[in-house]
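Read through the structure below, which is laid out as structure tokens, and then see the notes.
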Amino acid sequence: MSTFDDPVAVAHYADRPPRLVPGFHDLHRMAAILLVERAGPVGHILVLGAGGGLEMNAFATTQPGWRFTGVDPSAAMLGLARTMTTPHAERITLHEGYIDTAPPGPFDGATCILTLHFVPREERVATLKAIRQRLKPGAHFVMAHFSYPGEPVARALWLSRYAEFGAASGLDPESTRAAGVAIADRLPVLTPAQEEAALAEAGFTDVALFYAGLAFRGWVATAP
Ligand SMILES: C[S@@+](CC[C@H](N)C(=O)[O-])C[C@H]1O[C@@H](n2cnc3c(N)ncnc32)[C@H](O)[C@@H]1O
């Protein structure tokens with residue numbers, strides 16, 4: 001069973017990203033700034049990996065003119081998203097599934113936060129392309145997730161820094177170290193160069209790094 005289908009793990013989900021991802025709340029603020037550049041104050045935003053609802057809640061709070069379509073394969077994480085975004089419920093539509101279940105849009109912007117590192121390497125470009133095809137010309141796409149060098153020694157170093165950040169934020173050091181090992185073993189993490197190549201291959205232009213927090217990176221790209 002995936003962590004995102006485990007009711008106990010999902011019940012405690014919201015507490016973890018702010019402790020594991022450096023500048024987590026600032027990441028949301030930066031993403032909103034990058035999206036509003038093209039979406040403006042009234043827009044429809046596609047959120048892939050919307051489970052938990054943390055970014056939709058942050059965006060909805062600061063952008064009262066935005067509505068959201070959220071997509072996620074985990075029913076439990078979508079349930080948490082519903083709870084987290086209750087005050088904004090009339091502006092949010094949720095779809096259970098992968099990117100192909102998202103309506104065609106076109107959307108004024110899209111985000112995918114802490115999610116693409118779960119998408120197998122061979123599906124990454126197709127997923128990015130499916131996002132790009134749902135955007136209006138000129139719209140921004142903002143993504144952030146694990147991305148670090150592929151060499152084993154460098155990878156281990158960045159994941160140890162990730163674990164130390166979690167421990168320094170009050171999480172159990174043993175569990176964050178075990179999580180770092182599991183990430184190295186199981187997640188199809190790309191290097192920063194591979195991420196940028198995948199965005200370009202999917203048809204995005206003006207790919208720019210805007211965020212780096214230890215083992216995490218974030219990019220903004222434009223749908224031509
Ligand atoms: C770490 S959570 C991030 C959730 C949210 N974006 C956040 O930042 O708190 C990852 C989410 O991605 C979802 N997910 C996993 N694989 C996915 C895929 N291929 N497409 C879309 N969502 C996926 C999981 O169900 C989970 O809700």
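Separation of region 85-138 and region 162-197, taken as the distance between their Cα centroids, equals 24 angstrom. Over region 1-107, the hull volume per residue, using the convex hull of the C-alpha atoms, is 96 Å³. Once you keep just the Cα pairs under 8 angstrom separated by 6 or more residues, what percentage relative contact order results for region 79-224? Reported as a whole number, the value is 28 percent. Over region 50-145, the fraction of Cα-Cα pairs per 5 Å bin, rounded to whole percents and listed from the shortest bin up, is 3, 13, 24, 27, 21, 9, 2, 0. Highest mobility in the GNM of the chain, judged by mean-square fluctuation with C-alpha springs under 10 Å and restricted to 75, 198, 182, is found for 182. Mind checking Rg over Rh on the chain, alpha carbons, Kirkwood formula for Rh? When Rh is taken as the Kirkwood radius, the ratio is 0.94.
Local charge for residue 158 was computed over the other residues whose Cβ lies under 11 Å away, with Lys and Arg +1 and Asp and Glu -1, and equals +1.
Here is the size of region 91-166 from its Cα atoms: Rg then Dmax, 15.5, 46 Å. Placing +1 on the Cβ of every Lys and Arg and -1 on the Cβ of every Asp and Glu, with no other charges, gives the chain a dipole of roughly 360 debye about its Cα centre.
Farthest toward the positive end of the dipole of the chain, out of 99, 148, 109, is the Cα of 109, where the dipole comes from beta carbon charges about the Cα centre.
Here's the picture: charge each Lys and Arg Cβ at +1 and each Asp and Glu Cβ at -1 in the chain, and of 42, 207, 168 the one pushed furthest to the positive end of that dipole is 42.
Note on residue 136/residue 207: beta-carbon distance plugged into 1/(1 + (r/R0)^6) with R0 of 25 Å gives a FRET efficiency of 0.90.
Any read-out appearing in this document is the output of simple, stated calculations on the displayed coordinates, not a laboratory observation. A quick note: this is a predicted structure, and the numbers were derived from the prediction, not measured. As a convention, Cβ positions derive from the backbone with ideal geometry for all residues, glycine included, and neighbour counts pool all protein chains shown.
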